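Here's the structure we're looking at; comments come further down.
The values are calculated or read from the model by the stated rules, or taken from the named source; none is laboratory data. Quick caveat: nothing in here was measured; it's all calculated off a predicted structure. With ideal geometry, Cβ positions are generated from the backbone for all residues, glycine too; neighbour counts draw on all protein chains shown. All accessible areas refer to the heavy atoms of the entire protein, side chains included, with ligands and DNA or RNA removed. Shrake-Rupley method; radii C 1.70, N 1.55, O 1.52, S 1.80 Å.
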Amino acid sequence: MRPIACVILPTYNESENIEAVIRGIFEQREKIKTHELYVLVVDDNSPDGTEKIVSFLQNKYYNLYIISEEKQGLGDAYKKGIEYALKRFEPDLIIQMDADGQHDPDSIPVFISLINNGFSLVVGSRFAQGGGTPYFSIIQKIYSLFGNWLIRLFGGIPRIRDCTSGFKCIKADLIKKCSFDFISTNGYSFQSSFLFELIKNGAEVIEVPIIFSNRLAGETKLSAKDRLNFLLNLIKLRFSHSEELIKFCFVGASGIIVNLGVYITLTRLFYVILEIASPIGIECSIITNFFLNNAWTFKKRKNRSHIIKKMLKFHIVAGIAGIINYSIVLSLVYIFGLYDLIAICIGIIIATLINYGLNSMWTWKHKHEEETISDTEL
Ligand code: GDD
Ligand code: MN
């Protein structure tokens, strides 16, 4: 049997839309040669009878499933749906999609073909070149662009243009690496948290432009509370991002011990002069720092570049940070008359941040730097 691609459709009061959406998805069947399409509806006991309609459609479509849960919001529905699908169908792919007609099922075969070309995460993007939100009002556009801009900035994922998209195709293996405990399950902020978690776990991501149509019927379920939650979630995202920085600081501290240890051994045991012992100590600490950062701090970044290349970059960064450190200390002491030990501490803090920033963005940069295909390539 072919591997399974399971479309997860969260629904709350989508009785007027669900049939057309399910039909649209199953119409893609013949275009997809590599995967078997399954659909899992995750309904939150919608009072409008969405569940009944789906149960009826199950007679027509044999790979159509539904689970019903207490209403706990969009994020929770996705979490339950994904967990259920992984266990029950052992799919190769999970596709997230809205059940109101705003996402065009024609994109599904495109997503799957990109996965077949080696990507592990395809994001249907309204803000990539060729994508769009033609039916959004000016206010909606501003909200959406501003929200995305905040997520890109705070979450440290500037290369993704649509961080709140609800239309994605994801390799099941990648999802299995993610921690669902961390992912905020509160309503809509789930989307950006989930994306962030997928990227943290080494997703090879590509954005595909999509046109976000109008709802077929009914109204959006996005509330003011959801918007507030979204903002609170940004802070959480920012904080979780600091794990690497904390590790980087520990490695830096270990480097000081290496530097001192080598220096003392050389000067005290082997009577090497300071001018030679000091640079050897520094170089040893740079090398141990490099390997520790490579094996521990940035372990999750599946950066493909050669280790020698990374080591060279690490040295260049250390050189730049060292020069800046030195200039800061000198200017704080000689221009601002600061006490030398305070100046050195400030120098170390600034140099550590520069070191971290440059190494994070350059030496160990995520391998999926900004890949987007435009309409013409599809
Ligand atoms: N099970 C369940 N429970 N489903 C829900 C819930 C819920 O509490 N709330 C919403 N849904 C379902 C809807 O029925 C619909 O199929 C889908 O989730 C999207 O909900 P909409 O209310 O239509 O969302 P939207 O169009 O305003 O928001 C879209 O854009 C957002 C970013 O701008 C969606 O794609 C969101 O996922 C996306 O974050
Ligand atoms: Mn919608």
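Partners of K87 within straight-line reach, counting lysines whose Cα lies under 21 Å from its Cα and excluding those fewer than 8 residues away in the same chain: K79, K168, K171, K176, K177. Convex hull of alpha carbon positions in region 300-359: directionally averaged projected area 4.5 nm².
Dividing the alpha-carbon Rg of region 1-74 by 2.2 N^0.38 Å yields what? Intermediate results must be reported in sequence, preceding the final value.
Values: Rg = 12.5 Å, N = 74, 2.2 N^0.38 = 11.3 Å.
Dividing the Cα Rg of region 1-74 by 2.2 N^0.38 Å gives 1.11.
Of the solvent-accessible surface of region 12-55, computed with a 1.4 Å probe over protein heavy atoms with every protein chain present, carbon and sulfur atoms account for 47 percent.
A Gaussian network model of the chain, with springs between Cα atoms under 10 Å, assigns the largest mean-square fluctuation among W364, W296, W149 to W296. Along region 124-134 the Karplus relation, 6.51 cos²θ - 1.76 cosθ + 1.60 evaluated at θ = phi - 60°, assigns HN-Hα couplings of x, 10, 7, 10, 7, 4, x, x, x, 10, x Hz to successive residues, with x for each Gly and Pro. Here region 188-258 is treated as a sphere whose radius is the Kirkwood value from Cα pairs; by Stokes-Einstein at 20 °C and 1.002 mPa s it diffuses with a coefficient of 136 µm²/s.
Output the DSSP H helices from the chain with an along-axis C-alpha extent of no less than 30 Å and a mean Kyte-Doolittle hydropathy no less than 0.5.
Details: long enough: 242-264 (33 Å, 1.29); 307-334 (40 Å, 1.44).
Helices meeting the span and hydropathy rule in the chain are 242-264, 307-334.
Only lysine pairs 8 or more places apart or on separate chains count here, and in region 213-342 those with Cα atoms under 20 Å apart total 16. Of all beta bridges that DSSP places with both ends in the chain, some 25 percent have antiparallel geometry.
Residues whose amide H falls under 5 Å from that of I4, counting only those 5 or more places apart or on a different chain, are E36, D92, L93, with hydrogens built in the peptide plane.
Springs between Cα atoms under 10 Å define the GNM used for the chain, and in it the highest mean-square fluctuation of G337, G252, G357 occurs at G337. Helix-only estimate, please: 222 nm mean residue ellipticity of the chain, summing -39500 (n - 2.57) across DSSP H runs of length 4 or more and dividing by its residues, to the nearest 500. Rounded to the nearest 500, it is -16000 deg cm²/dmol.
Solvent-accessible area of region 137-187 (1.4 angstrom probe, protein heavy atoms only): carbon and sulfur portion equals 63 percent.
Hey, any idea what Rg/Rh is for the chain, computing Rh the Kirkwood way over Cα pairs? Don't jump to the answer; show the numbers that get you there.
On the way: Rg = 25.6 Å, Rh = 23.4 Å.
Taking Rh as the inverse mean 1/r over Cα pairs, Rg/Rh reads 1.10.
Hydrodynamic radius of region 7-151 by the Kirkwood approach over all distinct alpha-carbon pairs: 16.4 Å.
Roughly how many Å² is the accessible area per residue of region 1-159, as a whole number, for a 1.4 Å probe? Let's see the in-between values first.
Values: 7100 Å² over 159 residues.
With all protein chains present, region 1-159 gives 45 Å² per residue.
Hey, what D do you get for region 113-263 in µm²/s if you plug the Kirkwood alpha-carbon radius into Stokes-Einstein at 10 °C and 1.306 mPa s?
Values: Rh = 17.2 Å.
Rounded to a whole number, D works out at 92 µm²/s.
Taking GluC sites (Glu not before Pro) in DSSP loop states with no more than 11 other Cβ atoms inside 10 Å as exposed sites, the chain has its longest site-free stretch at 220-368.
Please sort by residue number the trypsin sites (Lys or Arg not before Pro) in region 228-274 whose DSSP state is loop and whose Cβ has at most 14 other Cβ atoms within 10 Å. Walk me through the intermediate numbers first.
Values: sites: K236, R238, K247, R268; in loops: none.
Filter output for region 228-274: empty list.
The distance between label points at A253 and R268 comes to 2.2 nm (points 7 Å beyond Cα on the Cα→Cβ vector). The base-10 log of I(q)/I(0) for region 102-174, evaluated at q = 0.11, 0.15, 0.24 Å⁻¹, reads -0.31, -0.57, -1.18 [Debye formula, identical scatterers on Cα atoms, solvent excluded]. The label-point distance for I308 and L150, in a model that sets each label 7 Å from Cα toward Cβ, rounds to 4.8 nm.
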